[in-house]
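The values are calculated or read from the model by the stated rules, or taken from the named source; none is laboratory data. Since this is a predicted model, take the numbers as computed values, not measurements. Here the Cβ positions follow ideal geometry from the backbone for every residue, glycine too, while neighbour counts run over all protein chains shown. When the accessible area is computed, the model is the full protein with side chains, heavy atoms only, and any ligands, DNA or RNA have been set aside. Shrake-Rupley method; radii C 1.70, N 1.55, O 1.52, S 1.80 Å.
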Amino acid sequence: MAFVKVVKSKSYFKRYQTRFRRRREGKTDYQARKALIIQDRDKFNTPRYRLIARITSSRVICQIAYATITGDRIICQADSKELRRYGLEAGLTNYAAAYATGLLIARRLLKQLGMDPLYKGAQKIDGTAYDVEQHANEDRRPFRAVLDIGLIRTTTGRRVFACLKGATDGGLNIPHSTKRYPGYSSQGGKENYDAKVHRARIFGGHVQNYMNSIKKDEGEEAYQRQFSNWDKALKAAKVDTLEKLYTKVHEEIKKNPERPAKKDRPAPVRKFTDKRKTIVETSKGKYLRQRRFTLEERKANIEKRLKIAAGKSKKK
């Protein structure tokens with residue numbers, strides 16, 4: 001029999017270390033996370049803030065967080081579903097909605113910290129690079145954060161960079177360049193950034209062009225089948241183009257970025273059918289809800305058992 005080398009010996013398994021749970025699940029890149037949260041030693045306990053941008057199949061989520069030993073702490077959050085309050089009822093996951101969500105979290109955070117009068121952000125949204133450091137106030141420096149995009153690839157034109165653009169236009173200081181924005185190209189060794197291309201994306205120009213082409217080439221029926229929600233949103237906002245709609249949304253966000261207070265829900269009224277309140281009656285039927293015996297009930301049970309035992313002993 002030929003000699004077979006044992007690759008994984010006993011010493012290998014003795015030294016084997018299990019990876020972190022979120023690494024095993026493929027949820028966290030710990031090398032990237034360490035680079036984002038590590039802080040200089042001479043800054044002591046100063047938190048390092050991150051703009052966390054995540055995009056699901058139904059919404060865009062932006063958060064401002066900092067890391068502690070016990071876990072991350074979220075100080076502000078914005079969700080693209082909140083854009084319905086500002087008049088945007090459709091397309092809550094596209095590039096323009098991601099930009100609006102980034103703008104919302106920037107204005108909300110600055111309002112929360114009392115910095116909104118000092119840093120009003122870009123006055124004109126035209127796709128050009130905006131650096132709040134150039135408009136820094138002497139009394140209070142701009143709020144600084146770094147972009148956290150998670151596990152996705154950093155390809156040009158991704159929607160997480162729309163969140164970044166919205167946050168920087170909103171007045172946050174996030175180190176970045178224009179290399180990943182739509183409109184950037186480096187053909188022939190020459191770098192070029194066309195702000196007009198980026199502006200068209202911010203105001204939903206790509207969606208508007210597609211809507212117009214469907215309406216022209218395939219007719220009104222095909223247009224209503226695919227874009228009926230957009231049509232309702234435009235009519236509700238009393239505008240005729242997506243650019244006017246998004247302009248209106250941006251203005252409303254700047255006017256009132258605060259999250260509305262939660263309404264207190266009344267406590268549900270339960271109907272019990274027994275004295276111990278263990279059987280609950282609802283419109284769908286009855287169900288049992290077990291409860292612990294109180295001290296008085298336990299004492300009463302003991303006395304009852306003693307009486308039963310005393311009665312049995314007398315009969316004998």
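Tabulated data for the structure shown
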| item | result |
| --- | --- |
| Fraction of antiparallel bridges per DSSP, the chain only, in percent to nearest 5 | 85 percent |
| Over the chain, relative contact order from alpha-carbon pairs under 8 Å, at least 6 apart, % | 15 percent |
| Sulfur and carbon atoms: percent of accessible area, the chain [1.4 Å] | 49 percent |
| Given charges at beta-carbon only (K, R positive; D, E negative), |dipole| of the range 234-305 in Debye | 600 debye |
| Over 22 Å [Cα-Cα, the range 136-230], rounded percent | 50 percent |
| About the Cα centre, charge dipole magnitude for the chain (Lys/Arg +1, Asp/Glu -1 at Cβ), debye | 3640 debye |
| Selection from Ser58, Ala222, Ser186 lying farthest towards where the dipole of the chain points positive, charges on Cβ | Ser58 |
| The chain, helix-only ellipticity at 222 nm - DSSP H runs n ≥ 4, -39,500 (n - 2.57), divided by all residues, nearest 500 | -12000 deg cm²/dmol |
| Cα lying deepest toward the dipole's positive end in the chain, options Leu118, Ala32, Thr278, charges on Cβ | Thr278 |
| Square roots of five times the Cα gyration tensor eigenvalues for the range 48-142, Å | 23, 20, 12 |
| Cα-projected label distance for Lys248 with Arg276, points at 7 Å along beta-carbon direction, nm | 6.1 nm |
| Label corresponding to semi-axes √(5λ) of the Cα gyration tensor in Å when calculated from the structure given, among (1) 37, 22, 17; (2) 28, 24, 21; (3) 52, 34, 25 | (3) |
| Listed residues Tyr287, Pro260, Thr241: farthest to the positive end of the dipole of the range 238-316 (Cβ charges) | Tyr287 |
| Average accessible surface area per residue within the chain, 1.4 Å rolling probe, Å² | 71 Å² |
| Sites Lys10 and Leu36 - FRET efficiency at Förster radius 51 Å, r taken between beta-carbons, to 0.05 | 0.85 |
| In Å², nearest 10: area of Glu133 left accessible to a 1.4 Å probe | 90 Å² |
| Centre separation in Å (Cα based) which lies between the range 299-313 and the range 122-144 | 81 Å |
| Peptides ranked, highest mean first, by Cβ atoms within 10 Å: ranges 143-152, 168-177, 184-193 | 168-177, 143-152, 184-193 |
| Partner lysines for Lys216 [C-alpha distance under 27 Å; skip if fewer than 8 residues away on the same chain] | Lys196, Lys232, Lys235, Lys238, Lys244, Lys248 |
